[in-house]
Amino acid sequence: MKVLRENEISLVDQYLNASCFNKISDRTYQNMLRYESKADAIEKKLIKRIKEQVRHGKVVLSSESKVKA
């Protein structure tokens, strides 16, 4: 069995998070797009699926807001 790299786990987490909550932070989305060229075939499928969901409005991009104390 292949040992999962940290970025693979994170990508799966982000995919599941986006699928469950129908949103993804713009920063996470941009990082994912930059990583796409280095991704393996399975990771590329996950990224492609998220891109399609964003394009069709099923998943929305959200800006990360900082809480002021």
Residues (under 16 Å from Val12 (Cα atoms) and touching a helix residue (DSSP H, G or I) at 6+ places or on another chain (Cβ under 6 Å)) located in segment 40-64: Glu43, Leu46, Ile47, Ile50, Val59
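In segment 18-30, how many residues are under 8 Å from the mean Cα position of the chain (by Cα) and either surrounded by fewer than 15 Cβ atoms within 10 Å (Cβ to Cβ) or farther than 15 Å from Arg55 by Cα (or both)?
Number of matching residues: 1.
A short reminder: the numbers here are calculations on the coordinates, not readings from a lab. Here the structure is a predicted model, which means the values were calculated and not measured. Neighbour counts are summed over all protein chains in view; Cβ atoms, including those assigned to glycine, are modelled from backbone coordinates with ideal geometry.
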